[in-house]
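Below is one structure, written out as C-alpha cells; comments come after it.
What follows draws every value from the coordinates through simple rules; no lab data is involved. All figures in this text were calculated on a predicted structure; none of them were measured in a lab. Positions of Cβ are generated from backbone atoms using ideal geometry, with glycine treated the same way; all protein chains shown enter the neighbour counts.
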Amino acid sequence: MNRVILIKYGELTTKKGNRKIFINTLYSNILKKLKGLNVNIFKDMSRMYIEYEDKDQDIIIKNIGEIFGIHAYSIAYKSESNIDSIKKTISMVLKENLDEHDYTFKVETKRSDKRFEPNSVECNHLFGGYILKSFKNLKVNVHEYDVLVHIEIRNDYSYVYLNEYKGLGGYPVGTLGNCLAMLSGGIDSPVASYLALKRGIKLDLVYFEAIPHTSLEAREKVINLARKLYPYSGDIKLIIVPFTKLQEAIYKNCLENYSITIMRRMMYRIMEKLTIKYKALGIVNGESIGQVASQTLTSMKVINSVTNLPVIRPVACFDKLEIIKIAKKIDTYDISILPYEDCCTIFVPKHPIINPRIDTCLEMEKKFDYEDMIAEILNNLLIINIDNNTNNEYKDIL
C-alpha cells in the first residue's frame, strides 16, 4: 500500500489565471527543500502528492512545515479508484492508526472524478457501512466524532487519510517578486521579514552597522537571525552596510532630536540604491506605528519622502505582544533580546522629535556631503550568503 504526503493549496486556489504560476513555484520550492531525499512529486491544479521512503517521513514533514503556500497536508494512502480497493485501503488506514478503544467516526468523500459512481453522499453511506461492519469498536456520529475518514476520489487514483495538519499558508516564496528587508538586531524586523516571505516575496537582507560604535557580536547576532529565516526563504544574502562615517556626520551636523529622522532618511536613500543594484522591487522593514519616535505617521511621511519605492511594513498595525508571539514561534526572540545594540539604538537621543519637518531635514542635510558618503558605502559592502551549511559559523568575518 503506497503512502503519499497529500498537499492542499488553500489560498492559491483563488488565483484563477495565475494559479499555474503559483503551483509551479510551490512545486519548485518543495523540490529544493527536499533536495537529497528520494522523493517523487506529482501535481495537478488542486493537489500535490509526494511519494517517499518511509524512513524519510519525519524529515519531509518537518520541511513541509517550513514552506509557504501550503494550506494543509496529510499522510494519505493511495488506492486504485474502485470500491473494493478503496475498502481495503480504508481498512489498512484504520488498522495502522487506531487502537482497539471505542471511537466515533464520520466519512467524508470528495469526488473530483465525477464519472465515479456512486456519488459522494452515497459513498459516505457505502464506506461508512463497511467500517461499521468491519470494526466493532467504531460507531457513526456525524456531528461529534473522534475520527474523520477522508476519501478523495480523483481521476487516476483515490486517497484515504485521517489527520490533516495545518501548513503555513500564504504564497510560495518568489511568486510576488523580490524585496530588500532592513534587518536590525531587534525583535520586529525578523518577524516582518518572515511575514513578507509568507506573502510570496523573495528577500535579501540589509544590516546597517557602525563599527566601532556597534560590535562584531551585534553582527553575529544578525547573522544568526538571518539563519533563522533561511528555512522559510531558501538561500538568502545578508548585505552588511558600513554606516559609521555617515552616522557620525549626522550626529556632528544635525540637531540631536532630529538625528534618528535623518539617519532613517539616509538608510532609505541607501536602500533605494541597493534595490537597483539587486533588482528588487521594494523595501521591507519592521516599523510598527507609534512604537518609537521615528514610527509616528508624521515621521514615516518625512522619512519616506526620500524614495518612491514601496515600503512594506508587515507589523505596522501589530502590538508588541503580537510581534513577540511570532518571534517566539519562529525562534528569533531569544537572539533578538541579546544585549548587543545596533546603529538604530546606540545613538538614540533623549528626546527624539515625533513630528519632524521636511524643510528642517533638508536644511540640516545640506551641511554634509552625504551623496559621496553613500557612494563610498556602496563600494564597501560586505555580502554574506546564508545557506544550509550548518558548520559555517562565518568566523572569517567576525
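So what's Rg/Rh here for the range 274-362, counting alpha carbon atoms and using the Kirkwood radius for Rh?
Details: Rg = 15.0 Å, Rh = 15.2 Å.
Radius of gyration relative to Kirkwood radius: 0.99.
Using Cβ counts within 10 Å as a stand-in for footprinting exposure, how do PHE42, PHE243 rank, fewest first?
On the way: PHE42 13, PHE243 25.
Ordered from fewest to most neighbouring Cβ atoms within 10 Å, PHE42, PHE243 come out as PHE42, PHE243.
Listed by Cβ neighbour count within 10 Å, with the fewest neighbours leading, TYR9, TYR130 appear as TYR130, TYR9. Residues whose amide H lies under 5 Å from that of PHE68, counting only those 5 or more places away or on a different chain, are VAL173; hydrogens are built 1.01 Å from N in the peptide plane.
Go ahead and estimate [θ] at 222 nm for the chain from helices alone: -39,500 (n - 2.57) per DSSP H run with n ≥ 4, summed, over the residue count, rounded to 500.
Details: 13 runs with 150 residues, N = 398.
Here the helix-only value at 222 nm equals -11500 deg cm²/dmol.
The 3J(HN,Hα) values that the Karplus relation (6.51, -1.76, 1.60; θ = phi - 60°) gives for the range 262-270 are, in residue order, 5, 4, 5, 4, 5, 4, 5, 4, 5 Hz. Gly and Pro appear as x. Panel order for VAL160, VAL140, by other beta carbons found within 10 Å of each beta carbon, from fewest to most: VAL140, VAL160. In a fully extended conformation the segment linking ALA72 and VAL348 would gain 94.9 nm over its present Cα-Cα distance, using 0.36 nm per residue. Based on alpha-carbon centroids, what's the gap between the range 76-130 and the range 286-323 in Å, whole number please? A separation of 52 Å, based on Cα centres.
Using only the C-alpha atoms, the convex hull of the range 178-397 corresponds to 115 Å³ per residue. Taking 7 Å steps out from each Cα toward its Cβ at SER120 and ILE59 produces label points 3.8 nm apart.
Percent antiparallel among DSSP beta bridges with both residues in the chain, to the nearest 5? The partial results should precede the final answer.
Values: 29 of 54 bridges.
Of those bridges, close to 55 percent are antiparallel.
Percent of Cα pairs in the range 3-166 per distance bin of 10 Å, from zero to the largest separation: 10, 36, 34, 18, 2.
At full extension, ASP156 and LYS139 could sit 3.0 nm farther apart than now, given 0.36 nm per residue minus the alpha carbon distance.
Under a Cβ-Cβ cut-off of 13 Å, what is the net charge of the residues other than LEU138 that fall near it, where Lys and Arg count +1 and Asp and Glu count -1? Before the final figure, lay out each step's value.
Values: positive: LYS95, LYS106, LYS133, LYS136, LYS139; negative: ASP99, GLU100, ASP102, ASP146.
Residues near LEU138 contribute +1 overall.
Measuring from centroid to centroid over Cα atoms, what is the spacing of the range 209-234 and the range 169-193 in Å? Result: 15 Å between the Cα centres.
Report the Stokes-Einstein translational diffusion coefficient (µm² s⁻¹, integer) for the range 234-302, Rh taken as the Kirkwood radius over Cα pairs, at 37 °C with viscosity 0.692 mPa s.
On the way: Rh = 13.7 Å.
This corresponds to a translational diffusion coefficient of 240 µm²/s.
When the chain is described by a simple charge dipole with +1 on each Lys and Arg Cβ and -1 on each Asp and Glu Cβ, the residue from ASN379, LEU183, ASN29 located farthest towards its positive end is ASN29.
Rounded, prolate or oblate: which fits the chain, taking a ≥ b ≥ c as square roots of the Cα gyration tensor eigenvalues, rounded meaning a/c under 1.5, else prolate when a/b beats b/c? Prolate shape, in that a/c is at least 1.5 and a/b is the bigger ratio.
Rounded to the nearest 5, what is the percent of antiparallel bridges among the DSSP beta bridges in the range 3-166?
Working: 24 of 34 bridges.
About 70 percent, rounded to the nearest 5.
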